[in-house]
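Below: the structure, in structure tokens.
The values are calculated or read from the model by the stated rules, or taken from the named source; none is laboratory data. Small disclaimer: the values here were computed from a predicted structure and weren't measured. Positions of Cβ are backbone-derived with ideal geometry, glycine not excepted, and every protein chain shown enters the neighbour counts.
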Amino acid sequence: MRFTSILKNRLRVLLSDKLFILTMLIVPVILSLITGYAQRKEKLGFIPVILADEDKTEYSALLCKGLDKKEGLKIITGDRKIALEQLEKSSVEAAIIIEEGFQEGLQKGELDGLITLIKSPSTYSAELLKEIVCSQILRIYGGDFTYSWVNESFEVNGVIAAELSREETAALVEEYWNPEPLMTISYEEIRVIAANEGPVSIPPYAAASLGFLVLFIIMSLLFGSGWLCEEKINGTMIRAMSVRGSILPLFLGNTAALCLMGALLTLIFTGVQWLFFGTVLISGTLSLMVILIYILCAASISMFFSIIFKTPHQLQASAPVIALVTGIMGGCLWNFAGVPESLMSLALFTPQGWALRALTNLYAAPDKWGAAISAMIILFCASVLLQAFSYFCLKRALKCTH
């Protein structure tokens, strides 16, 4: 009962601070939007392409229509100038320009220089786009080639050419592509089972967002534990000593308040990522358990440092340094993929490193216990030890003062 009252009181105090609430609501939203927007093109279900038709003929219109129907492409139309501008702004991954003389060149069998493909330096889709464009051109060219071949065959055999127009020949050839085309390019994203050994690679957008989330949780909770320093200074903790058995509920109640604050920050951060960018950072029961135990560990670290530092100013001045240094060591600002083993070992000296390794592995294999159990055990044991040590130090300090 006393624990519940202390928890409610602490939450009431935190919620009464409008500046604190504003900060706790706005900062995770802004941070989540920044990471999500910066990585928004890392995982798209389509390739954005701008198409400029400078030939303006029947064949160029057929090519534009065929590319527009291609699954996996998002076609924007415009002239050459607009195409180059969109490419410079990185709004598209490539510009496809149908040069003047496209139809005439196809009919003559002169295929060089009919299409110009200008790609963005950051794209990985250029070769795929080449294959798609070539397949569509081959489809159009097939009609002309067939018409010429039929006429030449008749002439070689001394037979009068059949009364079949170029358009009719093209229509007959086109029928062979329906209902299924003769040639297709299949692109599929697959998920593999994580290996038992070795680092697991996840998409950069997920690695960046998870790193920022883990870093932001511990930094926020370090800032939020200044209450203990203040209550040691103003004598609240000394007065609590006069009530038998009040220190432990007070200590645990404030720890629980920090945990709830961390859970709220996580909910806001992951919610914004999912709502605006469709990125699911925490999926599955195991991932949720890892992040909750990490929040408990971060709250325990926060309580520990609030015992070590004498004033709130010392704690708040040191919090960013502690969070950033351990965050960099733990891998919050770099992806685990391709990292030397020595650096990976260094990351495991921090709670961020354990949490990120587990979340990274679970991203690849959400139901694999082995990817999370070691991290959960280490983080939980660290939380218990830090809580016990902090409580012991607090009681000792209060007894000496009293």
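For residues that are aliphatic (A, V, I, L, M) and touching a Gly at 6+ places or on another chain (Cβ under 7 Å), scanning just the stretch 275-299, find the one that is farthest from A358 (Cα to Cα). Before you say what the answer is, go through the steps one by one.
First pass over the stretch 275-299, keeping only residues aliphatic (A, V, I, L, M): 275, 280-282, 286, 288-293, 295-296, 298-299.
Checking which are touching a Gly at 6+ places or on another chain (Cβ under 7 Å) leaves us with 295, 298-299.
On the way: I295: 14, A298: 16, A299: 19 Å.
Only one residue fits best here, namely A299.
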Please name all residue pairs, on different chains or six or more residues apart, with Cβ atoms under 7 Å, provided the first residue is in the stretch 81-108 and is under 14 Å from A61 (Cα atoms) and outside any loop (DSSP other than H, G, I, E, B) and the second residue is among the small types (G, A, S) and at pLDDT 90 or above.
I97/A52; I98/A52
What are the residue pairs meeting all of these: first residue in the stretch 336-351, first residue at pLDDT below 80, second residue of a type in the set (F, W, Y) and part of a loop (DSSP other than H, G, I, E, B), Cβ atoms under 7 Å, and 6 or more apart or on different chains?
M344/F336
Picking from M289, M376, M303, the residue that is in contact with a Leu (Cβ under 9 Å, 6 or more places away or on another chain), at pLDDT 90 or above, surrounded by 15 or more Cβ atoms within 10 Å (Cβ to Cβ) and assigned by TED's automatic domain parsing to the domain that holds F223 would be M376
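Mind checking whether some residue in the stretch 252-268 is over 17 Å from A298 (Cα atoms) and surrounded by 16 or more Cβ atoms within 10 Å (Cβ to Cβ)?
Here is the first cut: in the stretch 252-268, the ones over 17 Å from A298 (Cα atoms) are 268.
With the extra rule that they be surrounded by 16 or more Cβ atoms within 10 Å (Cβ to Cβ), the set shrinks to 268.
Looking through the stretch 252-268, at least one residue is over 17 Å from A298 (Cα atoms) and surrounded by 16 or more Cβ atoms within 10 Å (Cβ to Cβ).
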Hits in the stretch 354-373 (condition: more than 15 Å from M344 (Cβ to Cβ) and either modelled with pLDDT of 90 or more or exposed (fewer than 15 other Cβ atoms within 10 Å of the Cβ) (or both)):
D367, W369, G370, I373
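Under the condition of being more than 14 Å from H313 (Cβ to Cβ) and crowded, with 21+ Cβ neighbours inside 10 Å, which residue from the stretch 220-241 is modelled with the lowest pLDDT? Write out each step before concluding.
Taking the stretch 220-241 as the starting set, the residues that turn out to be more than 14 Å from H313 (Cβ to Cβ) are 220-221, 224, 231, 234-241.
Subsequent filtering for residues that are crowded, with 21+ Cβ neighbours inside 10 Å retains 220-221, 224, 237.
Working: S220: 82, L221: 85, G224: 71, M237: 63.
Per the criteria, the residue is M237.
Do we have G45 as modelled with pLDDT under 85 and over 23 Å from the mean Cα position of the chain (by Cα) here? Let's see the steps before the verdict.
Details: modelled with pLDDT under 85: yes; over 23 Å from the mean Cα position of the chain (by Cα): no.
It is false that G45 is modelled with pLDDT under 85 and over 23 Å from the mean Cα position of the chain (by Cα).
Being in a loop (DSSP other than H, G, I, E, B) and either surrounded by fewer than 16 Cβ atoms within 10 Å (Cβ to Cβ) or hydrophobic (A, V, I, L, M, F, W, C) (or both) is the filter here, so list the residues in the stretch 66-80 that pass it. Break it down stepwise before answering.
Of all residues in the stretch 66-80, those in a loop (DSSP other than H, G, I, E, B) come to 70-72, 78-79.
Selection gives E71, G72, D79.
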